[in-house]
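The values are calculated or read from the model by the stated rules, or taken from the named source; none is laboratory data. Please read these numbers as outputs of a predicted model, since none were measured by experiment. When we count neighbours, we look across all protein chains shown, and the Cβ atoms used for this are built from the backbone with ideal geometry, even at glycine. All accessible areas refer to the heavy atoms of the entire protein, side chains included, with ligands and DNA or RNA removed. Shrake-Rupley method; radii C 1.70, N 1.55, O 1.52, S 1.80 Å.
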Amino acid sequence: MKKRSHACLLATTMASVFLLMVVLYGTISSQHPESSHFKHEYQLLGRPLFKLDISWPKYPELFGGNVYGVAVNHYAEVVYVAQRGDTVPKVLVFTTTGDFLMSWNTSTLEMPHGIFVADPESSNPTVWITDVGNGPYGHCIKQYSPSGNLLQVLGTAGTSGTRLNPLQFDQPAEVFVHSSGEIYIVDGDGGANNRLIKLSKDLEVLWVHGERGPGLAQLYIPHSVMVDSYQRVWVADRGNKRIQVFNAATGDWLATWGSCFTEDAPYSVRLTPDRKYMVVAQLNTNQVSLLEAPPVGAVGQCRVVSVIRLADDVKPHLVDVDQKTGSLYVAEIGAGQAQKYVPFHQGGGSFY
C-alpha cells in the first residue's frame, strides 16, 4: 500500500512539473519579439543544402528599413545590404563574420533595389546599385566606391524611360558586371521598360531585348540577371513567372524555365560556386529554392533540389552567394533584415 502511495505521489509530482514547464515555455515564447520569430523560423525541404547562421549579423538591430538587396565581396569578406526608409542609411556594411563596419549616409540614393559588387578581387572594387525612385535621384544605376562615394551614374537621374533610349531607364531592377567589364541590366521593376541590355566596358550598347510580352525573348518585369561561366545570361522574368536564358555573346534566346514557378515567380537568380545549383528567391511563397544548374550544352528543364521555407511574411527579395565560402545571403523585405545561410557539411566537407 505504501509503495502504491509513493508511486502515485511521484506520478502526480512529475505531471505537475511537466505542466509548469509547458506554461513557462508558452509564456517565454509569447514574449519573443517578432523579429526573433522571423530570424529563426525556417524549414528545409528536400535535400538540405544550407543551414541558418543565427549569429549573423552580430547586431541585427542596425536594420531599420525595408531590406531589398544584398551583395558580397568574397575577396574582402564584406557584405553590403541595401535598405529603404526615410530616416535610415541606405547601405549597411558588415563583415562576413557579422561585425558592423559602416553605413552609407548618402543623399544620392533614393530607393535602392539591386546591388552588385564588381571586380571583387581587384585593388579597386566598386559597388553598383539600381535606384527605382521617382524623385530627383531615381530611374538610374549608380557606381560607388566601397566607402560610398558616388563615382558615376548611368541614365538621367529623375527622368523615367521612354522605351526608345537604351540608357534611359525606368525603375531598373538589377545590374550584373562581368569580370570582362561588360554590363548586363534588367530594366523594368514595374516601369514602362521591360528590357535586358548588354553594355560594353565603355558603355556602348551591344544588344537589347526590349519587347514586353509572354513570348520567347519577351519580358515582363525582368527582376534579376546573372551570367554563368558558360556565357549564358539568366534572367528572372518575374511577371511571366519564369527564368529565361540567353547567349551572352549574341543575345540569342536559348531556353525558358517555367515549370518550377507555377506557385510563385522567381525574384532573383544566382549560382553557387561549384556551378551545381541555381539559387532563386520567391517572395510571395516565402521560400528560397535551389535548382539543379545545367552544365555546358543544352539547358533542359528546371528541377528543384531543395527548398528553404521561411516564416510567413518574411518576403525574400534578392539574394547573393559568397563565391569563396558558398554562404548564401538573403535580403528580406517583410522581415526588414538580411540573413546568412551556410552550406551543410556532408562527409567531412561541404557540398562544394
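Here are some notes:
- Considering region 66-106, the residues that are open to solvent by 30 Å² or more (accessible area, probe 1.4 Å), in a strand (DSSP E or B) and of a type in the set (S, T, N, Q) include one that is farthest from Val175 (Cα to Cα), namely Ser103.
- Residue list for region 290-320, restricted to those being in contact (Cβ under 8 Å) with a residue 40 or more places away in the chain, open to solvent by less than 10 Å² (accessible area, probe 1.4 Å), part of a strand (DSSP E or B) and of a type in the set (A, V, I, L, M, F, W, C): Leu290, Ile308, Leu318, Val319
- If the condition is being modelled with pLDDT of 95 or more and farther than 19 Å from Ile183 by Cα, then region 146-169 contributes Ser147, Gly148, Asn149.
- Restricting region 154-196 to residues that are within 23 Å of the chain's Cα centre (by Cα) and among the β-branched types (Val, Ile, Thr) leaves a set whose member that is surrounded by the fewest Cβ atoms within 10 Å (Cβ to Cβ) is Val177.
- Among all positions in region 275-289, there is at least one residue which is in contact (Cβ under 8 Å) with a residue 60 or more places away in the chain, closer than 25 Å to Gly181 by Cα and crowded, with 21+ Cβ neighbours inside 10 Å.
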